[in-house]
Amino acid sequence: MATTEKRMNRYGLLGKNISYSFSQGYFTQKFKDLGVMDHSYENFDLQKIEEVKDVLKQEDIRGLNVTIPYKQEIIPFLDELDPKAKQIGAVNTIQFSKKGLIGFNTDAYGFQKSLEPYLKPHHTKALILGTGGASKAVQYVLNELGIKNTYVSRSKKDGQYTYDELDQQIIEENTLIINCTPLGTFPNIHDKPEIPYDHIGTQHLLYDLIYNPEKTSFLSMGESKGASICNGLKMLEQQAEKAWKIWSNV
């Protein structure tokens with residue numbers, strides 16, 4: 001007979017269409033490994049950000065993660081931002097504290113930890129594909145590492161490229177290319193950012209924040225040209241562990 005006992009320490013993920021999410025399985029296993037049977041992790045699938053009000057007032061919630069498309073939209077609902085999250089302009093972790101709801105960004109930590117083992121001295125310039133909340137953490141890390149970077153977007157903005165503007169020279173100069181768009185996520189595994197892959201070579205490192213599938217079309221195309229590749233799984237694991245430390249230190 002299934003138990004209906006209420007968990008006393010609830011955690012969860014805020015997002016939209018997130019049934020595929022890594023986080024629920026990861027934390028459910030983590031709580032099991034830690035032997036904390038009064039902890040649970042659940043998905044809060046919101047069709048619009050205003051629905052978060054009902055989540056935030058529920059009892060027993062101790063911490064939340066935030067994913068696409070709400071990493072920026074969640075900020076007005078918080079009482080305070082950690083300085084790094086404020087600088088980045090995006091939140092993916094919420095701490096429930098005596099001072100109220102505090103927003104953190106652990107994406108930057110996870111991205112840096114997963115990227116650094118792949119970096120070579122010639123990775124001095126980067127293209128960031130996409131301009132959403134996750135891309136802001138990526139840019140923050142690249143700036144911290146001294147890697148010059150440029151956003152690539154579908155619409156023209158000052159200081160950015162459009163996909164149509166990417167040519168051989170731009171691709172060859174930017175030997176680090178990071179996909180921060182959802183293109184290629186399961187089940188749409190054949191989608192990929194429209195960049196000129198013919199100009200990718202052995203000096204390139206292609207990094208995809210997507211982890212499902214393990215090897216996206218973006219990464220497969222890069223690998224076929226001799227590039228090094230990395231997906232977003234290690235980033236997620238690292239940012240999740242950082243989030244747990246934040247929640248545990250309340």
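If I go through segment 18-27 residue by residue, how many of them are at pLDDT 90 or above and out of contact with any Leu (no Cβ under 7 Å at 6 or more places or on another chain)?
Total satisfying the criteria: 3.
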- Quick count over segment 224-250, residues being under 19 Å from L115 (Cα atoms) and in contact (Cβ under 8 Å) with a residue 60 or more places away in the chain, is 13
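Confirm whether L142 is of a type in the set (A, V, I, L, M, F, W, C), modelled with pLDDT of 95 or more and in a helix (DSSP H, G or I). Spell out how you get there, then give the answer.
Details: of a type in the set (A, V, I, L, M, F, W, C): yes; modelled with pLDDT of 95 or more: yes; in a helix (DSSP H, G or I): yes.
Yes, satisfied.
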- Residues of segment 145-181 being part of a loop (DSSP other than H, G, I, E, B) and closer than 17 Å to H122 by Cα, in sequence order, are L145, G146, I147, N174, T175
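Each row is one residue, and each column tells you yes or no for (1) closer than 30 Å to I61 by Cβ; (2) modelled with pLDDT under 95; (3) of a type in the set (S, T, N, Q).
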| residue | (1), (2), (3) |
| --- | --- |
| F186 | yes, yes, no |
| P193 | no, no, no |
| H199 | no, no, no |
| T202 | no, no, yes |
| Y211 | yes, yes, no |
| A227 | no, no, no |
| C230 | no, no, no |
| K234 | yes, no, no |
| Q238 | yes, no, yes |
- Of all residues in segment 183-223 being among the polar types (S, T, N, Q) and touching a residue at least 24 places away in the same chain (Cβ under 8 Å), the one that is surrounded by the fewest Cβ atoms within 10 Å (Cβ to Cβ): T202
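Which residue out of Y41, Y11, Y26 is in contact (Cβ under 8 Å) with a residue 12 or more places away in the chain, not in a strand (DSSP E or B) and not basic (K, R)? So that I can check it myself, show each step before the final result.
Working: Y41 fails: not in a strand (DSSP E or B); Y11 fails: not in a strand (DSSP E or B).
Result: Y26 is the single residue among Y41, Y11, Y26 that is in contact (Cβ under 8 Å) with a residue 12 or more places away in the chain, not in a strand (DSSP E or B) and not basic (K, R).
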- Task: Please tell me if Q112 is within 18 Å of I68 (Cα to Cα), among the polar types (S, T, N, Q), part of a helix (DSSP H, G or I) and within 13 Å of the chain's Cα centre (by Cα).
- Result: no
- How many residues are more than 18 Å from the chain's Cα centre (by Cα) and not hydrophobic (A, V, I, L, M, F, W, C) if we restrict to segment 191-250? 20
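Residues D158, D164: which one is modelled with pLDDT of 95 or more, of a type in the set (D, E), over 21 Å from K242 (Cα atoms) and in the same structural domain as E194 (by TED's automatic domain parsing)? Spell out how you get there, then give the answer.
Values: D158 fails: modelled with pLDDT of 95 or more.
Result of the check over D158, D164: D164.
The values are calculated or read from the model by the stated rules, or taken from the named source; none is laboratory data. None of the values given here were measured: they were computed from a predicted structure. Don't worry about glycine lacking a Cβ; one is built from the backbone with ideal geometry, like all the others, and counts go over all protein chains shown.
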